[in-house]
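Worksheet: the structure to be examined is printed underneath.
Read the figures in this text as sums done on the coordinates, not as results from a lab. Just so you know, these numbers come straight off a predicted model, no measurement behind them. Note that each Cβ is placed from the backbone with ideal geometry, even for glycine, and that neighbours are counted across all protein chains shown.
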Amino acid sequence: MSIPRRDGRPTPGEHHGHSYRALASNGDGTLVRHKQLARGTVAALERLRASGRRLILATGEPRQDLAEFPHLDLFDLVVAENGAGLYWPGTGKLTPLAEPPPPALARELRRCGIETASAGRVIVSVRRPQVVALGAVLRDLGMDWQLIPNRKQVMALPIGVDKATGLAAAFAHLGLSPAEVVGVGDADNDLPMLRACGCGVAVANAVPLLQAQADLVTRGGTGKGVVELIERLLADDLPAPARGQVGHNGRKDGGFTDGRRARECRPPTAPR
């Protein structure tokens, strides 16, 4: 079955879209569900790699958690800790992109009874009910850090660190420009990534904020939406970056402040 174009019409045999050189994808909720990567998704990622294109994983997970990520060897590079580091699956090398928190942070979290959901070299994540307590600790320590929502968790990172800054470093290492990359995600913290790429895509199960800001919304959710996207990417059937949309800093100019809605992969709903 052919994949509908942005206007909902079936894709004709000839190609009218833009050719992209790489795909940057979030992990959990976008590619993976319950730490499982479906066989169809693996096959699509392998087809993408076989075409000569690059594959980047952009995740909030720290290096120690990446050991459990399925088929990590398919990725050229990993943006880890939501932009705080670059990880090379082939060598296990980690390049820090941000300074770690002071030792006092871990001590204060323990003293206040704040349990971390995950922690890496830089990133600290807590469950949403503990976000107020975490913010108070950061203020008491005089740390100029930001709190970034990520589904049921909230991540603490230095100001200015996000998936867009991590991807900018990844692009430099891989010889890519932002306009040559498609980004896909599902959660709030993926928005900077979508803005940092020539084409930003939200899977069908993405949070409303991401769907509203994306260039495309897939018909399928976790895994299936990425397969659908890869089919269009390989067919050169994705929209080209708008003129002036991706700036030299790797961010889409204005962050879609014109209020335009997502252009959907799925056909429009029939009127009732």
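Overview of results
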quantity: Estimated Rh, the range 103-158: Kirkwood, alpha-carbon pairs, angstrom; calculated: 11.0
quantity: Contour minus Cα-Cα distance for Ala67 and Trp88 (0.36 nm per residue); calculated: 6.4 nm
quantity: Alpha carbon centroid spacing (whole Å) that separates the range 21-97 from the range 193-211; calculated: 17
quantity: Nearby aspartates and glutamates by direct alpha-carbon distance to Lys152 (threshold 15 angstrom, same-chain neighbours under 8 apart not counted); calculated: Asp28, Glu61, Glu115, Asp186, Asp188, Asp190
quantity: Neighbour net charge for Val181 - beta-carbon separation under 10 angstrom, K R +1, D E -1; calculated: +2
quantity: Low-density loop cleavage sites - trypsin sites (Lys or Arg not before Pro) in the range 148-206, where at most 13 other Cβ are within 10 Å (DSSP); calculated: Lys152
quantity: Cα pair distances exceeding 24 angstrom across the range 128-221, given as percent; calculated: 32
quantity: Ordering of 62-75, 226-239 by burial proxy (mean other Cβ atoms within 10 Å per residue, highest first); calculated: 226-239, 62-75
